[in-house]
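I have placed the structure first, in the form of structure tokens, so that the comments after it can refer back to it.
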Amino acid sequence: MYNIVWLIPLLPLIGFIFLGLVGKKLKSESLIGTIGSATVGISFLIAFLMFLKMLSTPLEAPVIVNVYKWISAGYFSINIAYQIDQLSILYTMIVTGVGFLIHIYSIGYMHGDRGFFRFFAYLNLFIFMMLNLVLANNFLLTFLGWEGVGLSSYLLIGFWYDRKFQGIRIIWTGHAANKAFIMNRIGDFGFLIAMFMIFVNFGTLEYTELHNILVSNTISYQYSSAIGIITILLFLAATGKSAQIPLAVWLPDAMAGPTPVSALIHAATMVTAGIFLVARNSLLFALAPSTMNVIAVIGISTAFFAATIGTVQNGIKKVLAYSTVSQLGFMFAALGVGAYTAAVFHVMMHAFFKGLLFLGAGSVMHGMHNEEDIKKMGGLQKYMPITYKTFYVASLAIAGIPLFAGFFSKDEIMWQTYNHGSAIAWFVLALSAFMTAFYMFRLVNLVFHKEERFDHKHIHPHESPKTMTIPLIILSVLSALGGFLGIPYILGFWFSHNPNFLDNFLEPVFKDANVVLGFSENHQLGGSEYLFMLISVTIALFSIWTAYKWYYYDDKWSVPRKLVLKFKGIYKLLWNKYFVDEVYFTTIVDPLITSSREGLWKFFDVKIIDGLVNGLASITTFFGNQVRKIQTGFAQTYAIVMLAGAIILISWLFFGL
């Protein structure tokens, strides 16, 4: 069964090639959508069957499927090979499962678009690259997928290249695509250097070989400076792809793309690639405690940083974009304290509820003629009942309300952060969780409740077609029930010795890292964990109550208005996203552009390079003009010159020797 794993990435590739070559000739949108969706759907079925086999016969070691020899040069040899284990198959099901629903949704959302076939071709290309990233058994093939999703995101973010988009010095959607592409190159540089160092220090780029080397030499490699540098460089790559401080500024502007792109790339798949990279190399990171501390600090800081910005944004997708950055911070906080399973658990739950939120936002924009300002909405509950109900479920999930998906995964991260980190780290994440629940229900109230604030003459809200609402319903069920895959021990111990399915399922992947970190597999009941869970739920409920009090019961929004007037400086800081973009432009972008224009172009290129080339040409022309004077056209002159030359030659022969 595992030997056909190559079919999983191959099918989306076939869909991309077919739609890219002949999609324009296909007149039926439903046919194009069916082909694009079916390739991903069949890949999901294959992955799901492998998952079922893995449940019946658990894998203690990864299964490697070699497809063909890719590169062989001297001592270096690498294959196109896929690694089947619990982590890769889980990520594969997330990518293909959520990706399939987004493909179905796109059939309705992109209806009538002139680039309909091109959009589905790009989606298939993205899925193909993402599957190579998560299934690869070596760093180089992962890097191929890593760069591939960067290219695909560039194509999808700038899909509507002729549309304007408001951002910091961003006018067209193509500018937003450029920003995402360039910012990710910074992280990719770290990935490249890390690969070079891994091969130099360990002689391999294959995950299993590297893991075995580390297991057999754990003591000698512990606290190694080389491992510290390698892990920092890999985390730099993860920082770029997963939008963490200081490389987080690209993701909010990536909302310039169509909403299905936001759901696929920036909620469910691409932005979680950084979490996958760290989780895949869990043992390597466990041997670098300093890097783990850096990851935890960056993750916690990003969670708080983005959550504060999200509380004041008015674009429906902008709020969700900063929410994504914040939730990714939670995942990295978990990775930083060694809670790898909790991070992967939140990746899955986030794919469900954040994918649903983005698709719900797309449904709202579809019914509101592409209006995105939440202050120009209101009262949409009666016009879009399915969108409203599913969006509400996702909001409860991300807020951490029992027993929705986010309650289990977020609470697990916060507890592990306190248990293996510090009380300060937990407190910062608790504040971030408070703001998460607040801005989500601020969004719910301003979009769906109370008075209608849109122009009835030009906007006529309506529910989306079934191709869009059916994926919403499926994701809402997953957002409501998905958390039961990771029931914490303190809630489910009376049903089972270890009720946490996901923890048991991923245990073979992370067991060696847990040994190095000194984490015990023995679960104990403690009142403190119940207490922190209760505090977490209280925070979420109080935050939701605050959002309702300010934006539902108060028609004038008097409290938030008074706060804005009282704290103008803080509001301006949050509204302008801490001026991070402006700082980057002032300190990096503008100096580079100025030095490139004035120094490299106008001086070095024009005066030095062009001056040298033009100078040689002028010298050649000058001597040519002088020599040309010999050619007078008079035979007498030629005779005199020949005679003079003969005299000089004879004189040299007789007197020069």
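The values are calculated or read from the model by the stated rules, or taken from the named source; none is laboratory data. Since we're looking at a predicted model, the values are computed, not measured. Cβ placement follows ideal geometry from the backbone for every residue including glycine, while neighbour counts extend to all protein chains displayed. These area figures cover heavy atoms from the full protein model, side chains too; ligands, DNA and RNA do not enter into them. Shrake-Rupley method; radii C 1.70, N 1.55, O 1.52, S 1.80 Å.
Observations on the model:
- Scanning segment 577-586 for any residue that is under 30 Å from GLY379 (Cα atoms) and surrounded by 11 or more Cβ atoms within 10 Å (Cβ to Cβ) turns up at least one such residue.
- Test: residue in segment 139-157 that is of a type in the set (Phe, Trp, Tyr), assigned to a helix (DSSP H, G or I) and closer than 19 Å to ALA263 by Cβ: yes
- Tally of residues being more than 18 Å from GLY315 (Cβ to Cβ), open to solvent by 10 Å² or more (accessible area, probe 1.4 Å) and part of a helix (DSSP H, G or I) across segment 434-452: 1
- When residues of segment 73-89 are limited to those that are modelled with pLDDT under 90 and of a type in the set (A, V, I, L, M, F, W, C), the one nearest to PHE196 (Cα to Cα): PHE76
- Check on GLY240, buried (at least 16 other Cβ atoms within 10 Å of the Cβ) and either touching a residue at least 12 places away in the same chain (Cβ under 8 Å) or over 13 Å from the mean Cα position of the chain (by Cα) (or both): yes
- A single entry from LYS602, LYS629, LYS577, LYS566 fulfils the requirement of being within 57 Å of the chain's Cα centre (by Cα) and more than 30 Å from ALA306 (Cα to Cα): LYS602.
- Among the residues of segment 538-559, none qualifies, meaning not one is in contact with an Asp or Glu (Cβ under 9 Å, 6 or more places away or on another chain) and within 30 Å of LEU87 (Cα to Cα).
- Inter-residue pairs, beta-carbon under 9 Å, first at positive phi and in segment 364-382, second β-branched (Val, Ile, Thr) and open to solvent by 10 Å² or more (accessible area, probe 1.4 Å), 6+ apart: HIS369/ILE459
- Which listed residue, of LEU133, LEU123, LEU101, is in a helix (DSSP H, G or I), within 24 Å of the chain's Cα centre (by Cα), under 15 Å from LEU277 (Cα atoms) and of a type in the set (A, V, I, L, M): LEU133
- The set of residues in segment 366-387 being in a loop (DSSP other than H, G, I, E, B), more than 14 Å from LYS317 (Cα to Cα) and in contact with a helix residue (DSSP H, G or I) (Cβ under 7 Å, 6 or more places away or on another chain) consists of GLY378, LEU380, GLN381, TYR383, MET384.
- Hits in segment 244-272 - residues which are among the aliphatic types (A, V, I, L, M), over 15 Å from GLY362 (Cα atoms), in contact (Cβ under 8 Å) with a residue 60 or more places away in the chain and buried (at least 24 other Cβ atoms within 10 Å of the Cβ): ALA248, LEU251, ALA268, MET270
- For ILE619, the test of being in a helix (DSSP H, G or I), among the aliphatic types (A, V, I, L, M) and at pLDDT below 90 is failed.
- Count - residues of segment 262-278 that are closer than 22 Å to ILE186 by Cβ and hydrophobic (A, V, I, L, M, F, W, C): 8
- Residue that is in a helix (DSSP H, G or I), closer than 24 Å to ALA279 by Cα and open to solvent by less than 80 Å² (accessible area, probe 1.4 Å), where the choices are PHE16, PHE44: PHE44
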